[in-house]
1. Looking at region 98-110 only, could you name the residues that are farther than 12 Å from Val65 by Cβ and free of Cβ contacts under 8 Å to residues at least 40 places away in the same chain?
2. Quick check on region 144-201: of everything there that is β-branched (Val, Ile, Thr) and surrounded by fewer than 10 Cβ atoms within 10 Å (Cβ to Cβ), which residue is modelled with the highest pLDDT?
3. Pick from region 80-102 the residues that are β-branched (Val, Ile, Thr) and in a loop (DSSP other than H, G, I, E, B): which of them is surrounded by the fewest Cβ atoms within 10 Å (Cβ to Cβ)?
4. With Ala77, Ala105 as the choices, which residue is within 30 Å of Glu140 (Cα to Cα), modelled with pLDDT of 90 or more, of a type in the set (A, V, I, L, M) and not in a loop (DSSP other than H, G, I, E, B)?
Amino acid sequence: MPETESTPAAEPKPANPMKKSRQCRFIKTSGEQCRSEAMTGNHYCFSHKYNRKPTFTGVRGYDRVAFLEDAASIQLALSQTMQGLLDRIVDHHTARAVFYGCSVAASLVRLDFARERWLTENKQPIPGQVTETTKAEDSEPLAPEKEYRGPTGVFEPQWSWSKYLYERDCEELGQIKPTCAADFPASGWLTEDEIKEDPQD
């Protein structure tokens, strides 16, 4: 029987390429690409999807201010204001307000850097931006609903003295340690009325 050449199977394509984790494509004032994860079905992360467009200022010739998110964007705002002062387009009162605003923005940027450095040094997860949103009744974006896991966002175990004593007794008596709630003795479960009782009484 003659041998037939087998053709290699085509590489399967993902059902939805936009579901793949992608980097935000926003280019910051410094020329650096944003490092946050892009939202599902969008080119930008949550922050740059809603905040990337400059804000209207009302000052002729300097009516747009970039999103002050890093040192480069703050430096640009300062340089534009200084040039406006020299060109006599921006008055001194407006310039003082801009300089103060840039000072506040710079302090917030430093706080963010210090916070990320502390999280990294203490091996804590750095919170990332949401990649999917839903709409609230007032059309405001909402993050996906998920279980609250404390302020750090990670599981924080709690030590139980009662659990320790029970498992120690099981070990001393040669009994199997419980692996789930159903393995604990039925007599140990509190009734609804007992749960409502004040432990101080």
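1. If the condition is that a residue be farther than 12 Å from Val65 by Cβ and free of Cβ contacts under 8 Å to residues at least 40 places away in the same chain, then Phe99, Tyr100, Ser103, Val104, Ala106, Ser107, Leu108, Arg110 are the ones that fit.
2. The residue in question is Ile176.
3. This residue is Ile89.
4. The conditions single out Ala105.
Listed here are the residues, each with its yes/no results for (1) touching a Pro at 6+ places or on another chain (Cβ under 9 Å); (2) of a type outside the set (Val, Ile, Thr); (3) modelled with pLDDT under 80; (4) closer than 11 Å to Thr131 by Cα.
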residue	(1), (2), (3), (4)
Arg25	no, yes, no, no
Glu37	no, yes, no, yes
Thr40	no, no, no, yes
Ser47	no, yes, no, yes
Arg52	no, yes, yes, no
Thr57	no, no, yes, no
Tyr62	no, yes, yes, no
Leu68	no, yes, no, no
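The values are calculated or read from the model by the stated rules, or taken from the named source; none is laboratory data. None of the values given here were measured: they were computed from a predicted structure. Methodologically, a virtual Cβ is constructed for each residue, glycine included, from the backbone with ideal geometry; neighbour enumeration extends over all protein chains shown.
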